[in-house]
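Here the structure comes first, spelled out in structure tokens, and everything after it is commentary.
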Amino acid sequence: MKVVSLPVGMIGTNCYLTAAQNGDTAIIDPGAQPDQIKEVLQKNSLTPKMILLTHGHFDHIGAADALRKEFEIPLYLHQADADMVGDSDQNGGVGLIGKHITCGWDHLLSDGDIVELNELTFQVIHTPGHTKGSVCYAVEDVLFTGDTLFCGGIGRTDLYGGSYRELCDSLKKLAALEKNYRVYPGHDRTTTLDAEKQQNPYLGKMSYDDII
């Protein structure tokens with residue numbers, strides 16, 4: 001499996017191109033700049049076959065429709081964010097940057113679903129809290145966490161559909177995973193699940209009482 005990361009948009013959303021051995025590729029969170037994403041696909045000889053969204057916020061969907069239509073590929077997201085991607089008030093486009101940003105979808109996911117791309121198997125882990133339909137995708141030794149889990153932090157819960165209580169439950173679910181996944185978050189740098197269990201006060205063995 002090959003993973004190519006590129007930050008897109010005004011707040012540097014991580015878009016991931018996750019490729020099978022023959023170059024067939026899942027585009028994860030194409031948040032903006034479709035031309036740049038197409039350029040990186042071409043440069044790496046990758047063939048887009050699907051779009052996977054970790055959640056429905058504007059900064060993760062901005063290039064989705066352009067790529068979906070040009071390459072005629074399906075888009076997958078969790079069913080709880082199906083309305084959000086079509087509503088700029090819900091997805092933050094209007095409220096945060098004053099723009100109407102939406103996209104369509106083709107397949108709705110539930111917790112535990114599997115999305116297959118050749119030899120790659122993406123397992124859907126529903127992790128509500130940042131949004132109602134936030135998910136992580138586990139594939140081989142990689143975990144794409146969207147805005148649920150960051151290196152040393154977590155996603156905000158003060159936007160539409162957010163819930164700190166639900167996010168805490170979702171983080172407990174991730175902390176219970178036994179494999180030391182390489183974590184590819186929606187923003188900022190990569191990390192590992194074991195590292196977050198050790199140093200992230202929201203996820204693991206430390207608390208803010210230990211560091212303040």
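The values are calculated or read from the model by the stated rules, or taken from the named source; none is laboratory data. Here the structure is a predicted model, which is why all the values come from computation and not from measurement. Using ideal geometry, Cβ is built from the backbone for each residue, glycine included, and neighbour counts are taken over all protein chains shown.
Does any residue of the range 11-23 turn out to be over 13 Å from the mean Cα position of the chain (by Cα), within 20 Å of Thr157 (Cβ to Cβ) and in contact (Cβ under 8 Å) with a residue 12 or more places away in the chain?
yes
Looking for something crowded, with 17+ Cβ neighbours inside 10 Å and either assigned to a strand (DSSP E or B) or in contact with a Phe, Trp or Tyr (Cβ under 8 Å, 6 or more places away or on another chain) (or both) - is there at least one such residue anywhere in the range 55-69?
no
Could you count how many residues in the range 179-212 are at pLDDT below 95, surrounded by 15 or more Cβ atoms within 10 Å (Cβ to Cβ) and assigned to a loop (DSSP other than H, G, I, E, B)?
Selection size over the range 179-212: 5.
Within the range 37-54, work out how many residues are in a loop (DSSP other than H, G, I, E, B) and over 20 Å from the mean Cα position of the chain (by Cα).
Number of matching residues: 2.
With respect to Leu108, determine if the residue is closer than 26 Å to Leu149 by Cβ, in contact with a helix residue (DSSP H, G or I) (Cβ under 8 Å, 6 or more places away or on another chain) and assigned to a helix (DSSP H, G or I).
The answer is no for Leu108.
For a quick check of your reading of the model, give me the residue pairs whose first member lies in the range 79-90 and is assigned to a loop (DSSP other than H, G, I, E, B), whose second is crowded, with 19+ Cβ neighbours inside 10 Å and among the hydrophobic types (A, V, I, L, M, F, W, C), with beta-carbon atoms closer than 6 Å and at least 6 apart or on different chains.
Ser88/Ile101; Gln90/Met84
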